[in-house]
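The values are calculated or read from the model by the stated rules, or taken from the named source; none is laboratory data. Remember, it's a predicted structure, so these values are computed and weren't measured experimentally. Here Cβ is always computed from backbone atoms with ideal geometry, including for glycine, and neighbour counts include all displayed protein chains. Please note that ligands, DNA and RNA were not included when accessible areas were found on the heavy atoms of the full protein model with its side chains. Shrake-Rupley method; radii C 1.70, N 1.55, O 1.52, S 1.80 Å.
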Amino acid sequence: MTPIIETHSITKIYHKIKVIDDVSIEILPGQVVGLVGSNGAGKTTLFRILSGLIIPNSGEVAYFGEKKGKAFDLAKTKIGVTIDAPSLYPRLSARDNIKAYALGRNLKINDSAISEALHTVGLEDNQKVVRNFSMGMKQRLSIAMALFGGCEIIMLDEPFNGLDPIGLKQISDQIRAINREKNITFVIASHNLAELEELCDRFVFLENGKIIKRLSKSELEKKEQRIISFLSSEENRVVDFFKQNSISYRKEGGRFFVFYDDDPLNLIDSMKQNSLSMHDLSISKENLMDIYSKGRVYDE
C-alpha cells in the first residue's frame with residue numbers, strides 16, 4: 001500500500017535550532033493518526049511540512065509516492081489542512097465560503113457537490129453567516145471545504161480547542177463518520193488525549209522535534225496496565241518497599257500511582273503483609289495520557 005504522505009529524515013531549522021530533527025513518518029490511506037506532543041514539540045511545524053506549506057532544510061517528502069514534478073504538485077492538492085483556527089470569511093454563509101474556497105483554488109463551482117459536502121458535516125440547512133457560527137460549526141465547515149476540494153487526507157491542528165461538550169462530540173462524530181464512510185484519512189494534533197484515544201488508529205509521539213514513539217490502537221490496548229492509586233501515611237516505607245521490589249511508580253501531590261501488569265490485588269496483599277498503610281485506594285486502566293506522561297516513553 002502506497003503511503004499518502006511519506007517523509008525520510010526531514011529536518012527543519014529555525015534560528016539555528018532544529019525544530020524538526022530527522023523525522024521519518026508514513027501516513028497510510030484510511031487511517032486516523034493522532035500526533036501527540038507538548039507545546040513546542042514541533043507538531044505545527046511538522047504539520048506545515050506534511051501539508052506542503054513549508055519545505056524542510058533536508059530530507060525528502062513524498063505525496064502518493066510522488067517526489068517531484070507536476071505529479072508531485074498535483075498530489076499535494078489532495079491534502080486539506082486546518083492550522084490554528086479555520087480561515088473563513090465571517091460575513092459569508094457556509095455555502096458562500098465554499099464557493100470562495102473553490103475560486104481561490106481554481107475549482108469548478110458545483111452546487112450539488114457543495115450541498116453534499118455541507119450535508120456530510122451537518123450544515124446543509126444552515127443559513128447563518130459564519131461570524132454567528134460556534135467554533136464547532138467552523139471546524140465542521142473547514143472539513144466540508146476539504147471534502148469539496150477532493151482531498152483524500154485532512155490534517156487538523158487542535159480541532160477540539162474552544163469546543164463545549166456538545167461541539168466536541170459533534171466534531172468527533174463527524175470525523176469518525178467521514179473516515180469510515182468515505183475512507184478519508186485524518187491526521188489530528190491535539191492536547192485532548194482522551195478524544196485522540198477514542199478516534200485514532202495510530203499515535204505518533206513527538207518531543208523536541210523528534211519522534212520518540214509510535215503506537216497503534218491495538219498496541220495501546222495491549223499495553224494498558226492497571227493503575228493502583230492511593231495515599232499513605234508511611235510514604236518513606238512505601239518508597240523503600242517499591243525500590244526493594246523494583247516496582248515502578250509515580251508520586252504526585254502525596255498520591256502514589258503504581259503501573260502494574262499483574263493482578264493488582266497481589267500488590268495490595270503484599271503491601272498489607274508488610275504492614276504498609278494504604279487509604280483512598282482506587283484501581284483503573286492505563287490510558288493514552290498515562291502512557292504519554294509515564295517518563296515520556298523515550299524508547300525509539
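Brief remarks on what is shown
- Of the residues making up segment 213-234, just one is more than 30 Å from Glu26 (Cβ to Cβ), in a loop (DSSP other than H, G, I, E, B) and either open to solvent by 80 Å² or more (accessible area, probe 1.4 Å) or touching a residue at least 60 places away in the same chain (Cβ under 8 Å) (or both), namely Ser233.
- Within the set Ile153, Ile114, the sole residue that is modelled with pLDDT of 90 or more, surrounded by 19 or more Cβ atoms within 10 Å (Cβ to Cβ) and farther than 23 Å from Thr45 by Cα turns out to be Ile114.
- Of all residues in segment 78-121, those satisfying the criterion of being farther than 23 Å from Phe186 by Cβ and either of a type in the set (Gly, Ala, Ser) or in a helix (DSSP H, G or I) (or both) are Ser93, Arg95, Asp96, Lys99, Ala100, Leu103, Asp111, Ser112.
- Some residue of segment 91-106 being surrounded by 15 or more Cβ atoms within 10 Å (Cβ to Cβ) and in contact with a strand residue (DSSP E or B) (Cβ under 7 Å, 6 or more places away or on another chain): yes
- Any hit, segment 204-212, residues being under 18 Å from the mean Cα position of the chain (by Cα), modelled with pLDDT under 90 and among the β-branched types (Val, Ile, Thr): yes
- Gly59 touching a His at 6+ places or on another chain (Cβ under 8 Å) and surrounded by 13 or more Cβ atoms within 10 Å (Cβ to Cβ): yes
- Where Ala146 falls short, out of the listed (1) small (Gly, Ala, Ser); (2) touching a residue at least 40 places away in the same chain (Cβ under 8 Å); (3) open to solvent by 40 Å² or more (accessible area, probe 1.4 Å): (3)
Let's see how each residue does on (1) of a type in the set (Ser, Thr, Tyr); (2) modelled with pLDDT of 90 or more; (3) under 25 Å from Gln174 (Cβ atoms):
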| position | (1), (2), (3) |
| --- | --- |
| Ile17 | no, yes, no |
| Ile27 | no, yes, yes |
| Gln31 | no, yes, yes |
| Gly37 | no, no, yes |
| Ala41 | no, no, no |
| Thr45 | yes, yes, no |
| Ile49 | no, yes, no |
| Glu60 | no, yes, no |
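- Val187 falls short on exactly one of the conditions (1) among the hydrophobic types (A, V, I, L, M, F, W, C); (2) crowded, with 22+ Cβ neighbours inside 10 Å; (3) without any contact (Cβ under 8 Å) to a residue 60 or more places away in the chain, and that condition is (3).
- Number of residues in segment 235-277 that are open to solvent by less than 50 Å² (accessible area, probe 1.4 Å), of a type outside the set (S, T, N, Q) and not in a helix (DSSP H, G or I) equals 9.
- Neighbours by Cβ (under 7 Å, 6+ apart or cross-chain): first from segment 88-113, within 14 Å of Val130 (Cα to Cα); second assigned to a helix (DSSP H, G or I) and open to solvent by 90 Å² or more (accessible area, probe 1.4 Å): Pro90/Arg131; Arg91/Arg131
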